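Okay, so here's the structure we're looking at.
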Amino acid sequence: MDITITFTVNGKAATVTTDPQRPLLDILREDLQLTGTKYGCGEGFCGVCTVLMDGKRTLACITPAKDADKKAIVTIEGLADGDKLHPVQEAFLAEGAMQCGYCTPGMILTTVALLREHPQPTEAEILNWMDGNICRCNNYPNILNAVRRAVREARR
Amino acid sequence: MTTTRTEKPERGTKNAERGKPNEKQANLSSVASVSCFAESVTQRPVPETGNEMDRRGFIQLLGAGILVTVFEGIADAQRSSRSGGGSGGGRGRNVSARIHIGEDGVITVMTGKIEMGQGARAELTQSAAEELHVPPDSIRMVMGDTHLCPDDGTTAGSRTTPSTVPAVRQAAAAARMLLIGLACKQWGVAENSVEVRDGVITHPPSNRTVTFAELAKSGAAAKALDQPAPPGVSVTPVKEWKVMGTSYARPNRRDLVTGAHKFPSDLILPNMLHGKVLRPPSYGAKLLSIDLEPAKAMKDVVVLREGDFVGVAAPTTFQATQALKAIAETAKWESAPHPSSTEVYDYLRQRVRSKRDLENPFANEMGKAAKVLKQTYRTAYIQHAPAETRTALAEWKDGHLTVWTCTQAPFGYHSELGRAFQLPSERVRVIVPDFGCGFGGKHTAESAIEAARLARAAGRPVSVKWTREEEFTWAYFRPAAVIEIEAGLDEKGQIAVWHFININSGAAAVQTPYRIAHNNCRYVPSDTPLRQGSYRTLAATANNFARECMMDELAAAAGADPLDFRLAHLDNDRIRAVLEEAARQFDWRGRRKQKRAPGTGIGLACGTEKASVVAACVEISVDEAKNEIVVKKVTEVFEAGTVVNPENLRKQVIGCILMGLGGALREEMIFEGGKMLNASFGKYLVPRFKDVPELDIHLRNWPGMEPVGGGETPIIAIAPAIANAVFDATGRRIRQMPIKLSAAKPGQTT
Ligand code: FES
Ligand code: FES
């Protein structure tokens with residue numbers, strides 16, 4: 001039986017009637033046409049589907065619709081303020097932290113969540129936190145530099 | 001294609017001679033002609049005129065302006081022959097529309113190459129900007145659209161840099177000369193009295209200027225219609241490069257951090273359905289029966305069976321998945337025998353096409369050797385695991401098929417689709433938006449054909465996106481290899497005889513770069529039980545692994561240092577230079593003299609493939625209790641001629657090293673009874689942040705040499721360097737990829 005959930009996505013209210021088990025990832029991509037959030041594995045192993053749910057890092061591919069009810073979701077499309085990029089987006093651009101860019105939205109949102117939970121992370125905390133996200137281009141060194149830059153910027 | 005370089009004309013050279021062909025250049029260079037569109041732009045839909053879109057088509061799409069067509073006969077033939085059967089070329093098309101200069105100042109450059117993270121978009125933009133003398137940001141690069149772009153062959157084999165960069169440079173240089181010609185004719189001045197900068201032609205003596213955009217709409221351009229451009233145009237010499245040779249960043253990078261870029265899997269058309277395809281439960285299983293009714297009974301679901309093909313399409317992926325599950329449960333299959341991943345090496349060995357090819361023609365010489373070593377190396381089947389799984393969106397309209405997809409072979413897909421649906425070439429269009437990774441894994445059109453089948457049945461656009469499990473199971477694999485080497489040393493400790501057989505995985509880098517008097521290297525095909533295909537450097541990884549491990553074993557047998565032993569057999573100056581620099585940067589000799597801490601070791605390897613050269617030194621530690629090898633430091637030196645984009649090349653080198661760590665240490669498909677047992681990122685462990693060792697990367701720029709591709713070869717040195725370091729640490733030789741400590745027992749030294 002379908003259920004109706006109401007939640008906000010990037011600050012806008014949304015109501016969706018759907019199967020309670022349907023992944024939040026599909027709702028974002030197919031119903032709301034917010035395709036910045038990607039599919040990589042559907043099993044929680046790669047992090048390309050990362051969004052923020054009530055400010056917390058969340059893997060949209062393993063989040064069933066029912067769990068998103070009454071929540072506030074932020075996707076990559078909701079990070080910039082108009083033309084002004086979020087500092088983490090700026091850090092990724094400045095460090096050239098993308099090759100194909102498919103993992104980039106997930107990496108950026110994972111970094112945003114890191115800064116919320118550990119505003120001054122150690123190197124080990126950065127590695128532990130980011131390790132759930134796969135970059136198949138193996139651009140890890142540039143991405144790490146972007147995370148470090150974002151940490152430095154946030155400290156200012 | 002050879003890029004021709006001419007210096008500035010000698011003082012006193014007549015104007016008219018500038019840009020004239022010399023005998024040698026003429027047959028290699030591009031001949032351009034120009035036509036002008038004086039009509040105003042209309043916003044009508046693109047006419048379906050086939051992949052050789054006519055001029056009217058271009059103007060409708062790109063706006064009014066000048067379309068520069070380029071004769072690329074020689075370049076084309078060369079590309080086709082070099083990139084082999086998978087080139088997707090061979091259309092015999094030798095006039096290509098390459099460059100459009102719009103009246104609005106926008107310069108459009110067209111290429112059949114695609115962007116998947118390897119950096120072709122930036123590199124080709126730089127190439128065009130360099131020769132047109134315009135800022136790179138003023139260029140719009142249209143890639144991988146079979147309607148608009150010339151067939152530049154499959155984006156594979158590291159061919160973009162040596163083939164397409166010269167083609168684009170030639171076209172851009174020809175276009176610049178055409179524009180200069182137009183301006184000079186208007187002004188009645190000599191061609192060498194003008195300067196071109198940022199898309200503006202200036203005649204300093206008279207202070208006159210004209211922009212490319214103004215020329216594009218001038219009456220003079222109209223008169224120049226179809227007038228041949230000066231052939232044999234010279235391209236900018238390396239020492240005068242302003243844009244090439246710099247770390248120009250990917251032009252559409254901003255869209256990647258905002259989520260605005262539409263990858264093929266992100267595309268949505270009105271009325272679109274999501275498709276799913278029924279897969280066999282195991283390799284080779286045959287469908288006996290299936291009941292489609294459970295899916296047909298579902299609302300809004302389209303079900304299709306055509307022979308063995310069974311698929312569904314529904315308004316959401318979730319519904320499509322449920323519908324597929326419902327019918328899959330009713331399916332009866334007949335399974336087929338299939339070797340397991342542990343049996344597969346014997347399986348391949350037994351099924352070689354020609355047993356005679358395994359024989360050593362130098363058996364006599366081998367008999368005379370002072371010392372003979374004989375070893376077998378194995379490499380596993382692995383997957384590319386691209387970030388974005390195979391995906392395609394197909395739409396049928398009035399008998400025309402358009403497919404948006406991720407592929408390295410847009411023109412190959414175009415032909416495959418034409419064959420699959422019996423369509424003439426002009427009724428198929430393949431469009432490839434920048435997508436998420438290929439690594440040689442996206443050359444075959446299965447997802448495109450699946451989407452097109454379902455779209456035809458549904459009468460609506462259908463998008464098919466493979467799941468990760470499908471990608472791991474049904475995409476083709478990097479072939480497994482069994483490599484047998486027999487080598488004989490003479491009394492002086494030099495290799496006298498070398499017999500090297502690669503079974504099943506391929507001929508890339510099968511030849512040894514070392515000087516050996518009696519040398520027999522051969523690839524022997526076998527009967528693969530899995531679908532196999534290309535992968536970053538194809539078989540070069542396996543061949544270089546086996547060879548460089550054996551070189552270490554021979555060095556040990558000869559009582560020589562691995563570095564000295566290699567140098568003693570190397571005549572190639574580029575390999576020597578790269579190897580010696582890697583050793584120097586790593587302090588190989590210093591470290592060899594020191595005693596290594598228990599459980600740690602160092603190793604090195606070098607190699608050459610696709611005209612580029614690599615050497616790596618690594619430091620590792622082993623944890624016997626955890627059965628684990630940790631790579632602590634990698635020093636790698638890479639040389640690919642003149643560097644077109646240093647930052648992009650550095651990323652490619654690092655990407656190769658880290659991707660190579662996966663295949664070196666962990667990645668292998670495990671299968672039994674035709675089923676993949678680790679078709680998931682949870683079980684098939686690709687490299688992650690924590691696997692990244694200390695990296696010390698050195699790019700050698702070789703300015704005297706044409707640029708060659710760099711996105712593949714840097715992967716071939718890492719695995720053998722690690723295996724050799726494991727020997728240094730433990731005294732054990734591990735002759736397989738992935739390199740697992742458990743493959744040789746402690747104390748086992750042979
Ligand atoms: S798609 Fe969600 S973790 Fe991989
Ligand atoms: S940039 Fe391609 S997957 Fe990370």
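What nm value, rounded to one decimal, do you get for the distance between B:K633 and A:K56 when each label is placed 7 Å out toward the C-beta?
Each label point is offset 7 Å from its Cα along the Cβ direction, giving 4.2 nm.
If segment B:257-364 were replaced by its equivalent ellipsoid, with semi-axes equal to the square roots of 5 times the Cα gyration tensor eigenvalues, what would those be, largest first, whole Å?
Ellipsoid semi-axes (Å, largest first): 42, 24, 11.
Quick one: if you stick a label point 7 Å off each Cα along the C-beta vector at B:R279 and A:R152, how many nm between them?
With each label point 7 Å from Cα toward Cβ, the separation is 4.4 nm.
List the relative contact order of chain A as a percent without decimals, with contacts defined as Cα pairs under 8 Å and 6+ residues apart.
Over chain A, the number comes to 24 percent.
In nm, to one decimal, how far is the B:R576 label point from the A:D67 one, both placed 7 Å along Cα→Cβ?
Placing both labels 7 Å beyond Cα along the Cβ direction yields 6.2 nm.
So for segment B:675-724, Kirkwood radius off the Cα pairs, Stokes-Einstein at 37 °C and 0.692 mPa s: how many µm² s⁻¹?
221
What GluC sites (Glu not before Pro) does segment B:451-541 have in DSSP loop regions with at most 13 other beta carbons within 10 Å?
Within segment B:451-541, the qualifying GluC sites (Glu not before Pro) (loop, at most 13 other Cβ atoms within 10 Å) are B:E491.
For chain A, set up a Gaussian network in which alpha carbons nearer than 10 Å are linked by springs, and say which option among A:T111, A:T75, A:T63 fluctuates the most.
Largest GNM mean-square fluctuation: A:T63.
Given the protein assembly as shown, what percent of its DSSP beta bridges are antiparallel, to the nearest 5?
Antiparallel bridges make up about 75 percent of those DSSP assigns within the protein assembly as shown.
What residues of segment B:381-404 lose no less than 50 Å² of accessible area with every protein chain in place versus their chain by itself (probe 1.4 Å, heavy atoms only)?
B:A387
Provide a whole-number value for the mean count of partner chain Cβ atoms within 10 Å of the Cβ atoms in peptide A:127-134.
Across the residues of A:127-134, the mean count of other-chain Cβ atoms within 10 Å is 3.
Once phi is turned into ³J(HN,Hα) by the Karplus curve 6.51 cos²θ - 1.76 cosθ + 1.60 with θ = phi - 60°, what whole-Hz value does each residue of segment B:346-361 show in order, with x for glycine and proline?
Once rounded to whole Hz, the list reads 5, 4, 5, 4, 6, 9, 4, 4, 9, 5, 5, 5, 7, 6, 8, x.
What helices does chain A hold that run 15 Å or longer along their axis, going by alpha-carbon atoms, with a Kyte-Doolittle average of 0.5 or more, using DSSP H for the helix calls?
Span-like helices, by this rule, are A:104-117.
Within segment B:545-619, list the trypsin sites (Lys or Arg not before Pro) lying in a DSSP loop whose Cβ has at most 11 other Cβ atoms in a 10 Å radius.
Those that pass, being in a loop and sparsely packed, are B:K595.
With a 1.4 Å probe, how much accessible area is buried between chains B and A, both sides summed, in Å² to the nearest hundred?
Interface area, both chains combined: 4200 Å², rounded to the nearest 100.
Just the accessible area per residue of segment B:317-450, please: how many Å² with a 1.4 Å probe?
About 42 Å² of surface per residue is accessible.
Tell me, what % of the accessible area of chain B is carbon and sulfur with a 1.4 angstrom probe?
50
Just A:V88, A:V16, A:V74 to compare: in a GNM of chain A, with alpha carbon springs under 10 Å, which one fluctuates most?
Fluctuation is largest for A:V16.
Report the paramagnetic label zone for B:R351: residues of segment B:362-385 whose backbone N is under 20 Å from a point 7 Å from Cα along the Cα-to-Cβ axis.
In segment B:362-385, the label zone of B:R351 (backbone N under 20 Å from the point 7 Å along Cα→Cβ) covers B:377-383.
Before I look further, what does segment B:546-702 give for accessible area per residue, probe 1.4 Å, in whole square angstrom?
35
In nm, what is the difference between 0.36 nm times the number of residues separating B:S247 and B:D398 and their Cα-Cα distance?
49.8 nm
Keeping the other protein chains in place, figure out the carbon and sulfur percent of the accessible area of segment A:41-98, with a 1.4 Å probe.
51
Note down the accessible area of B:E343, probe 1.4 Å, to the nearest 10 Å².
100
Give me the percent relative contact order of segment A:87-155, please, defined on Cα pairs under 8 angstrom at least 6 residues apart.
After rounding, I find 53 percent.
What accessible area per residue comes out for segment A:19-112, rounded to a whole number of Å², with a 1.4 Å probe?
32
Are there any trypsin sites (Lys or Arg not before Pro) in segment B:242-339 that are in a DSSP loop and have at most 14 other Cβ atoms within 10 Å? List them by number.
Passing both the DSSP loop test and the Cβ count: B:K242, B:K299.
Residues of segment B:235-273 that become at least 10 Å² less accessible with every protein chain present than in their own chain isolated, using 1.4 Å: which are they?
Residues shielded by partner chains are B:R250, B:R253, B:R254, B:L256, B:V257, B:T258, B:G259, B:K262, B:F263, B:S265, B:D266, B:I268.
Using helices alone, I'd like the mean residue ellipticity at 222 nm for the protein assembly as shown: each DSSP H run of four-plus residues gives -39500 (n - 2.57), total over residue count, nearest 500.
-8500 deg cm²/dmol
Would you mind calculating the relative contact order of chain B from Cα pairs under 8 angstrom and at least 6 residues apart, reporting the percent as a whole number?
13
The values are calculated or read from the model by the stated rules, or taken from the named source; none is laboratory data. Quantities reported herein were computed from a predicted structural model and do not represent experimental measurements. Cβ sites come from the backbone with ideal geometry, for glycine too, and all protein chains shown count toward neighbours. Protein only, heavy atoms only, side chains kept; ligands, DNA and RNA dropped before computing areas. Shrake-Rupley method; radii C 1.70, N 1.55, O 1.52, S 1.80 Å.
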